[in-house]
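Following: one structure in structure tokens, then a few remarks.
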Amino acid sequence: MIVVDVKKELIGYKGKFTLDVSFKVEKGEFLTIFGKSGSGKTTVLRIIAGLENPDEGYIEFDGKVYFDSKKGVNLPPQKRNVGFVFQNYALFPNMTVYENVAFALDKEERDKVDEILKVVELYNLKDRYPSSLSGGQQQRVALARAIVKNPDILLLDEPLSALDYSIRLKLQDQLKKLHKMFNLTTLLVSHDKPEVFKLSDRVIYLEDGKIKKEGTPREVFIEKSISGKFSFYGTVLDIRKSDILNIVTVDINGNLVEVATTEDFNIGDEVLVGAKAFNPIIKKIS
Amino acid sequence: MNIVKGYIVGIEFTDTISQIKLNTEIGDFYCVVLENPDTANYLKIDNTVNLIFKETDFVVCRDKIHPFNTFQGTVKSIFKGQLFTRVFIENKGLQFSALITNLEFDNLLIDIGSQIYFYIKPTNIILEV
């Protein structure tokens, strides 16, 4: 189990605010920190990885103290067994795919590289350089590099946000598979609700540095907010004007639905599609 | 989408369904939800909620067809399309819109300034907490 209880003064676009979070991550759990830009999400990951120091607090990994401001303990990043995937891939451009993944490994661990490259479907590209890969492929290299050392926690800082929609969906599936396959403990930072729903066991909703809500994605985003039992999160893919209506096509976890509305939306908007439980028809498919 | 603020004045429930009476500025509404006070903590007398009415869920009529779930308003504007008409009404400073087919609209024989009623079924009101 990972225990995080930290405070740090930050400067956001509205001025100074205090990041003040306390939470635990169970082994094997997929936890997401959700929040708007500037809410302090990325700082939490960087503090866990040791890339930034909190003003005060305590971080523990399975009984091993990584940071304790009272006792003056502060393990440097290289002594913390964390895997970190950044939004911008952060690969070494002068190294091949294989060399990038093997970079931080000892010689005797090198046989794991081939195995992990096969899992992320990059084995055939192992001698290529990052510049010749697509964004999705580069991010899979970064992911392979982060998990090859069998980290105590995998930290993902909006890893898919720079990718095309269809690649993003594919990589979400792969991320979920890897999390289960390697029994990883994963902490994701995301502001994409459909992504949070798809991947997370639990969500922490961060606002201005404070935890506003915590629970399953359903508890945090849906329950007690709207009485529609027939409600789903989705992303607007298309908007067609028809007569005095807008016909909005929404992707709900791969299922496309159309909703007739007079409201205006933009492509890419994250939306809640809902109806009363009394309204949909249900019919057996014979 | 139309939203009006209301507060809960009555709750009748079975093990899974509640019928809620809500008081709003434009009148009383009954609404049914697949919850009861044990499963949804917003179901408490005096709690404030938003009532959401979808524009296509209104029955627009010249006369009051039910004593409840109906509110009256003055027609402020009308936008007629090829198949649908959007009718905006005003009641106590609040604006509501209904989307009805031209067939329904033409039969109503209404114009700007007319007094009309909007009715919504209890199963069509969505509550937002």
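Testing the spin-label approximation: label points 7 Å from Cα along Cα→Cβ at residue B:94 and residue A:237. State their distance in nm.
3.7
Between residue A:16 and residue A:216, take the C-beta separation as r, use R0 = 51 Å, and let me know the FRET efficiency to the nearest 0.05.
Values: r = 33 Å, r/R0 = 0.64.
FRET efficiency, residue A:16 to residue A:216: 0.95.
Which residue, chosen from B:89, B:105, A:119, occupies the Cα position most advanced towards the positive end of the dipole of the protein assembly as shown, where the dipole is computed from +1 (Lys, Arg) and -1 (Asp, Glu) charges on Cβ about the Cα centre?
A:119
Within 10 Å of each Cβ in A:269-276, how many Cβ atoms from other chains are there, averaged over the peptide? Intermediate results must be reported in sequence, preceding the final value.
On the way: counts 0, 0, 0, 0, 0, 4, 4, 14.
That average works out to 3.
At a Förster radius of 30 Å, what calculated FRET efficiency corresponds to the Cβ-Cβ distance of residue A:253 and residue B:44, to the nearest 0.05?
Values: r = 33 Å, r/R0 = 1.11.
Efficiency computed from Cβ-Cβ geometry: 0.35.
Run the numbers for residue A:283 and residue A:173: contour at 0.36 nm per residue of separation, minus the present Cα-Cα distance, in nm. Numbers along the way, then the final one.
Values: separation 110, 0.36 × 110 = 39.60 nm, distance 2.96 nm.
Gain on stretching residue A:283 to residue A:173: 36.6 nm.
Among A:66-73, A:154-161, how do they line up from the highest to the lowest mean number of other beta-carbon atoms within 10 Å? Before the final figure, lay out the partial values.
Details: A:66-73: 14.5, A:154-161: 22.5.
Highest to lowest by the protection proxy: A:154-161, A:66-73.
Please compare each pair in A:283/B:44; A:198/A:283; A:36/B:121; A:24/A:107; A:112/A:212; A:213/B:21 to a cut-off of 32 Å on the Cα-Cα distance and tell me which ones are over it. Don't jump to the answer; show the numbers that get you there.
Values: A:283/B:44 35 Å; A:198/A:283 26 Å; A:36/B:121 38 Å; A:24/A:107 34 Å; A:112/A:212 41 Å; A:213/B:21 29 Å.
The answer is A:283/B:44; A:36/B:121; A:24/A:107; A:112/A:212.
Going by average Cβ density within 10 Å per residue, which order do the peptides A:29-37, A:213-221, B:101-109 take, highest to lowest?
On the way: A:29-37: 20.0, A:213-221: 15.9, B:101-109: 13.2.
Averaged packing, sorted descending, gives the order A:29-37, A:213-221, B:101-109.
Just to confirm a number: summing +1 for Lys and Arg and -1 for Asp and Glu over residues other than residue A:26 whose beta-carbon lies under 15 angstrom from that of residue A:26, what do you get?
Details: positive: A:24, A:27, A:180, A:202; negative: A:29, A:60, A:62, A:152, A:201, A:214.
Neighbourhood net charge equals -2.
Would you mind giving the mean number of other chain beta-carbons within 10 Å of the Cβ of each residue in B:78-87, as a whole number?
The mean count of partner-chain Cβ atoms within 10 Å per residue comes to 3.
Taking the Cα atoms of the protein assembly as shown alone, what are Rg (to one decimal) and Dmax (as a whole number) in Å?
Expressed in Å, the Cα Rg and Dmax of the protein assembly as shown come to 26.8, 86.
Of A:268, A:239, A:278, which is farthest on the positive side of the dipole of segment A:223-284, counting Cα position, with +1 on Lys and Arg Cβ, -1 on Asp and Glu Cβ, and the Cα centre as origin?
Farthest towards the positive end: A:278.
What whole-number volume per residue, in cubic angstrom, does the convex hull of the C-alpha atoms of segment A:2-220 give? Intermediate results must be reported in sequence, preceding the final value.
Details: hull volume 27.4 nm³, N = 219.
Per-residue hull volume (Cα only) is 125 Å³.
For an R0 of 25 angstrom, estimate the FRET efficiency from the Cβ-Cβ distance between residue A:229 and residue B:5 and round to the nearest 0.05. Numbers along the way, then the final one.
Details: r = 22 Å, r/R0 = 0.89.
It comes to 0.65.
List the trypsin sites (Lys or Arg not before Pro) within segment B:1-91 that fall in a DSSP loop (any state other than H, G, I, E or B) and whose Cβ has at most 12 other Cβ atoms within 10 Å. Don't skip to the answer; put the middle values down first.
Details: sites: B:5, B:21, B:44, B:54, B:62, B:64, B:76, B:80, B:86; in loops: B:44, B:54, B:62, B:64.
Passing sites in segment B:1-91 are B:44, B:64.
With labels modelled as points extended 7 Å from the Cα through the Cβ direction, what inter-label distance (nm, one decimal) is found for residue A:104 paired with residue A:128?
With each label placed 7 Å out from Cα toward Cβ, I get 2.4 nm.
Need one value for B:40-48: mean number of C-beta atoms belonging to other chains within 10 Å of its residues' C-beta atoms.
Details: counts 3, 1, 3, 1, 0, 0, 0, 0, 0.
What the average comes to for B:40-48 is 1.
Add +1 for every Lys or Arg and -1 for every Asp or Glu among the other residues with Cβ under 12 Å from the Cβ of residue A:190, and state the total. If you can, show how the numbers build up before the last one.
Details: positive: A:36, A:41, A:168, A:193, A:198; negative: A:157, A:158, A:192, A:195, A:270.
Net charge in that neighbourhood comes out at 0.
Compute, for segment A:37-130, the length of the dipole vector about the Cα centre, with Cβ point charges of +1 (Lys, Arg) and -1 (Asp, Glu) only. Units Debye, rounded to 20. Before the final figure, lay out the partial values.
Numbers: 13 positive and 15 negative charges, 35 e Å.
It works out to roughly 160 debye.
Per residue and in cubic angstrom, what volume does the convex hull of the Cα atoms of chain B have? Walk me through the numbers before you get to the answer.
Details: hull volume 12.8 nm³, N = 129.
Dividing the Cα hull volume of chain B by its residue count gives 100 Å³.
When the Cα centres of segment A:196-266 and segment A:82-154 are compared, how far apart do they sit, in Å?
Answer, in whole Å: 33.
Scale the Cα Rg of segment A:223-284 by the rule-of-thumb value 2.2 N^0.38 Å and send over the ratio, two decimals. Walk me through the intermediate numbers first.
On the way: Rg = 12.3 Å, N = 62, 2.2 N^0.38 = 10.6 Å.
Its radius of gyration relative to the 2.2 N^0.38 Å reference: 1.17.
Readers should treat all values here as calculations from the given coordinates under stated rules, not as data from a laboratory. Just so we're clear, the structure is a prediction, and the values are computed from it rather than from any experiment. All Cβ positions, glycine included, derive from the backbone under ideal geometry; neighbour counts span all protein chains shown.
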